[in-house]
Every structure is written in C-alpha cells, then in structure tokens.
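The values are calculated or read from the model by the stated rules, or taken from the named source; none is laboratory data. Remember, predicted model here, so these are calculated numbers, not experimental data. Positions of Cβ are backbone-derived with ideal geometry, glycine not excepted, and every protein chain shown enters the neighbour counts.
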Amino acid sequence: MPLSFHRHTLPNSLTLVAEVNPDAHTAGVGFFVKTGSRDETAELMGVSHFLEHMMFKGTARRSADDVNREFDEIGADYNAYTSQETTVYYAHVLPEFIPRATDLLADMMRPALRADDFNVEKKVILEEIGMYEDRPQWRLQDQVVESFYEGHTLGHRVLGTASTVQALTPEQMRGYFDQRYGPDNIVVAAAGRIDFDALVRDVEKLTASWSPRRSARAYREPAFAPRELGMADPKVNRHYVCMMCPAPSAQDPRRYAARILCDVLGDSDGSRLYWALIDPGLADEADLSFIPQDQTGAYTAFVSCDEERAAAVEKRLLDTLDGYAAGIDPAELERAKNKLATSTTLQGENPGGRMRTLGNQWMYNPEYHPLEHELKQIMAVTVGDLRDLLKAFPFTPRTVVRLGPKG
C-alpha cells in the first residue's frame, strides 16, 4: 500500500503530522519543541538542555524509575536531544506499542520538576560541562560559535557554562518551561505503521489540559564580520583550527546545493580537503559541514595537525575552499549527489529516522516533503547551482579560531 501523509491541529494549537506506511514493521513518534539555546537569555544559558534531563525525572503520574522501566517494557529505542533551536523527545517501537509510547512521552512533557531532582541533576550537568571543557575540539567549537554569532543568542552554548548552570534555580526553570512548552510550540511527528486517527484521539485526550503560551521565537539577524582569535593551552599537543562563515538557512532552497558542496569539499573520505590535507599526511582531521538553521545558516570547517605545520595547513585549508569555484568538477558533483541520495534514502527507509526527519522539517518548513521530493531536489543540483551558491555565500566573512600549545 502507498505511503500517505496526515496532518491535524488540535483545539489547543498542538499540531500532529504523520507519514503512514502500512507495510512498515515498526513505528516512531516524537514530540518536537521549538526551543533551544538561542531562545534563552544569557542568564539562563543551558536551561533548555538541563530541562531535557529533568523531563526524565518523573511526573505527577510516574517516578523516574517508572519512565525508564515502562520504555524498557515496550522495547523502545528512545532518547532526547537539545540543540540551538529544538528539543526533541522520541521513541521507536513496534506498532502495537505506539499508544503506550505516546502516553509516556506526553506525560513527560508535563514534568514534576522537583527541587531535589533539580539539585541532583545540576551536579550531573556540571560534570558534563567539565568533561567537554577537557576536550580541545569541544572547547574550540564552543568558542568559534560564540565568536561567529557575537552578540546574538545563536552564540549561546547548548550546555551553558559552569557559572550559568550553577546559578540556575528551580523557579527559573519552571518559568522557562511555562513559557516555551506550550502546545502551540510543539509538533508531534510520527512515521511507520501508524493509525493516525487513533493517534490524534490519544494525543488530544492526553494534552486536553495544555493551554497555548504564544511563545513565538524572537528573530534577529546576526551581524557577521571577519573575526580571528587564538587560544593557547600548553596541555594540548596538537594545533586545531575551526572556521565558520555564513551559509543558506533551513528555509533556503539552496540548502540542497550547500549539502552537496560540503560533501565534495569536506567529506571525511575522498573530498578535496581529504586529498589536500589528510592523504599527504599534513593533517589528521579536515572536514567541512553545513549547518542549516532557522532563518540563517553556517559552514564550519575544522582541521587538526602538528604545531609546526599550523600555518601551512590553515593556508591550504582556506585556499582549497576559496579556489573551488574556479575548478568545479562535474564528476565530483555526480558522486556527491549519489552519495547524499543514498544516505537520505537509508534514513528515510527507517520509520524512526523518517519520524525525526519529518518533525525537524516541520520545525522549519511546515509543509510535507516526501522522500521522493528530497531525492529529486538533491539530484537536480547542477554545476551552475554550485557557482550561484558560491557567489552568494563565498566562504566570507569568516570567523577563524585557533587552539594550540602556543595559540
């Protein structure tokens, strides 16, 4: 039987979307909340991620042990994550367990937020921050994002800082939750063998008491400018460079060309940066990635090498990016398109992956794009599209942050 798309908005403004596949053997359901570190004040930096942890600590109906036990009882592949822009809670199960998984997730969306749990979990978050601060790559990533989005909330760290998390109170978290977790800021996405009418009935019953909060995201355009920063740490024995520059947004049709461009230039195997830096042994890591975001976007390049090669490696990295427009190879483009189409299809054939794709798409573009549409957009990218993309987003202005024994 063919796939079918369904959408329904409840009286409280919560939206449900689903791609139903009667032939699937599993099903996935997730609650996608349009909130992340970009929606926090500087004082509350890290509260979105901290709150994600607290959602597993129990509700009025369930203890933390109950939540984990019940997910285990239905054999769920379940998890949650927080980004700059979204917080997502999901479960991938056998179709007969979708009602129980939905009940669990909906109940979690109204957490107890007990002060005792808050104080215990705060220690866990602080340990997590400390662990990441001990990793040079993560320190570098946090710094380059903060510098690139200087003065903008997109520069907020998802984990927050030790000082902001330490200062957070249960009352502040409850206030943030009340503001951002209204039904008008949540999408329930599902995929696989789903009874959509039953899902709507279940979710409507489970969320009947939820009231809209009118918590629309505040949009402010980042002010991009050339920036450079050196960080010295005598404890590291490698030199790291991270570069960020503007790229298409998640709403921009040029996002497909940007994904392909990053595969051609910065994939971990067989890309331009691989042959320029890794294959000759100049660097041990070199990549370029595309980060599409709400109304904006960025490219991020990363390289690590011996300290004595730092200047030469950075020059070759930037020369490779800047010189690509003069030598676009149609054969490289075709290989990248085929590779991206394959990975997109593999994810799309999995109901859990398809559910996450559908939910994330709806956060940015509230319209249905079947897998076939995505593949068509990928395969339609031309050399001319890449040239136009590079004219509009020429890897400038860029922020470059270096970390090494000498900075």
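Restricting to segment 182-209, name every residue that is in contact with a Leu (Cβ under 7 Å, 6 or more places away or on another chain) and either on the phi > 0 side of the Ramachandran plot or assigned to a loop (DSSP other than H, G, I, E, B) (or both).
Thr207
Exactly one of these conditions fails for Arg213: (1) assigned to a loop (DSSP other than H, G, I, E, B); (2) in contact with a helix residue (DSSP H, G or I) (Cβ under 9 Å, 6 or more places away or on another chain); (3) in contact (Cβ under 8 Å) with a residue 60 or more places away in the chain. Give me its number.
Of the numbered conditions (1) assigned to a loop (DSSP other than H, G, I, E, B); (2) in contact with a helix residue (DSSP H, G or I) (Cβ under 9 Å, 6 or more places away or on another chain); (3) in contact (Cβ under 8 Å) with a residue 60 or more places away in the chain, the odd one out for Arg213 is (3).
If a residue counts only when it is crowded, with 20+ Cβ neighbours inside 10 Å, which strands (runs of 3 or more DSSP E) contained entirely in segment 1-67 have at least 1 such residues? It would help to see each step written out before you state the result.
Details: elements: 4-9, 15-20, 27-33.
Strands (runs of 3 or more DSSP E) meeting the threshold: 15-20, 27-33.
Just checking, which of Leu386, Leu333, Leu317, Leu321 is closer than 16 Å to Val264 by Cβ, modelled with pLDDT of 95 or more, surrounded by 13 or more Cβ atoms within 10 Å (Cβ to Cβ) and in contact with a strand residue (DSSP E or B) (Cβ under 6 Å, 6 or more places away or on another chain)?
Every option except Leu317 fails the conditions.
Checking the condition assigned to a helix (DSSP H, G or I), closer than 30 Å to Leu403 by Cα and either modelled with pLDDT of 95 or more or under 18 Å from the mean Cα position of the chain (by Cα) (or both), which residue from Val145, Val158 passes?
Val145
Going through Thr357, Thr396 one at a time, which residue ends up being in the same structural domain as His239 (by TED's automatic domain parsing), loosely packed, with under 14 Cβ neighbours inside 10 Å and among the hydroxyl-bearing types (Ser, Thr, Tyr)?
On the way: Thr357 fails: loosely packed, with under 14 Cβ neighbours inside 10 Å.
Only one candidate passes the filter, namely Thr396.
I'd like to verify a number: residues in segment 366-386 that are charged (D, E, K, R) and outside any helix (DSSP H, G or I), how many? It would help to see each step written out before you state the result.
Initial filter on segment 366-386 (charged (D, E, K, R)): 367, 372, 374, 376, 385.
Filter once more, so that each one left must be outside any helix (DSSP H, G or I): 367.
Of the residues in that region, 1 qualify.
For residues in segment 266-279 being among the aliphatic types (A, V, I, L, M) and buried (at least 23 other Cβ atoms within 10 Å of the Cβ), which is farthest from Glu372 (Cα to Cα)?
The selected residue is Leu277.
Pick out the one residue from Val236, Val241, Val200 that is touching a strand residue (DSSP E or B) at 6+ places or on another chain (Cβ under 7 Å), outside the structural domain of Glu52 (by TED's automatic domain parsing) and at pLDDT 95 or above. Working first, answer last.
Numbers: Val236 fails: at pLDDT 95 or above; Val200 fails: outside the structural domain of Glu52 (by TED's automatic domain parsing).
Answer to the check: Val241.
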